[in-house]
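A.B. asks: Right, I'll just put the structure down here and ask away after.
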Amino acid sequence: MLVGLIAAGCVATVPVQTTADLSGEWTGRVTSPLGHAIARLTIAPDGAFAGTMYLDAGDRPFHGSLLVVRPGQMRYQGSDGSGAVRVTDEHGRTTLRFLRDDGGVDAVFRRF
């Protein structure tokens, strides 16, 4: 039980106020019907995002937009669907999790 409490203490939800808080370069992994691969993501201050998934069969671009519904609650709509975005601080690194509306995890990104 104590180990779970210690581990949980290292991850905190980040209450994002605006999409500009997330602007910049990110790296991570994307899962899609085409496969699971390393990816890069660029987020503009207005929430527009574009990225590339690096698959063995060739690079695949993706794009979309982030929206802050209210501080701490975000959504995304993109070329591969839509869902919620969870922003956390994990050991001092901001992490984005794109969660499909059907409950799956589409992608996990961390700031460079």
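The values are calculated or read from the model by the stated rules, or taken from the named source; none is laboratory data. For clarity, every value in this text was computed on a predicted model and none was experimentally measured. Using ideal geometry, Cβ is built from the backbone for each residue, glycine included, and neighbour counts are taken over all protein chains shown.
A.B. asks: Just give me the residues in segment 52-77 being of a type in the set (A, V, I, L, M, F, W, C), without any contact (Cβ under 8 Å) to a residue 40 or more places away in the chain and touching a Phe, Trp or Tyr at 6+ places or on another chain (Cβ under 8 Å), in sequence order.
C.D. replies: M53
Residue by residue, here is whether (1) surrounded by 18 or more Cβ atoms within 10 Å (Cβ to Cβ); (2) among the polar types (S, T, N, Q) holds:
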residue: P15; (1), (2): no, no
residue: L22; (1), (2): yes, no
residue: T27; (1), (2): no, yes
residue: I38; (1), (2): no, no
residue: G47; (1), (2): yes, no
residue: D59; (1), (2): no, no
residue: L66; (1), (2): yes, no
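A.B. asks: On to the next question. Check P15 against each of (1) outside any strand (DSSP E or B); (2) at pLDDT below 95; (3) out of contact with any Gly (no Cβ under 6 Å at 6 or more places or on another chain) and name the one condition it does not meet.
C.D. replies: Condition (3) is where P15 drops out.
A.B. asks: Evaluate segment 89-101: report whether one residue or more is more than 21 Å from A12 (Cβ to Cβ) and either surrounded by fewer than 12 Cβ atoms within 10 Å (Cβ to Cβ) or free of Cβ contacts under 8 Å to residues at least 12 places away in the same chain (or both). Spell out how you get there, then give the answer.
C.D. replies: In the first step, residues of segment 89-101 are kept if they are more than 21 Å from A12 (Cβ to Cβ); the result is 100-101.
Those left that are additionally either surrounded by fewer than 12 Cβ atoms within 10 Å (Cβ to Cβ) or free of Cβ contacts under 8 Å to residues at least 12 places away in the same chain (or both): 101.
Looking through segment 89-101, at least one residue is more than 21 Å from A12 (Cβ to Cβ) and either surrounded by fewer than 12 Cβ atoms within 10 Å (Cβ to Cβ) or free of Cβ contacts under 8 Å to residues at least 12 places away in the same chain (or both).
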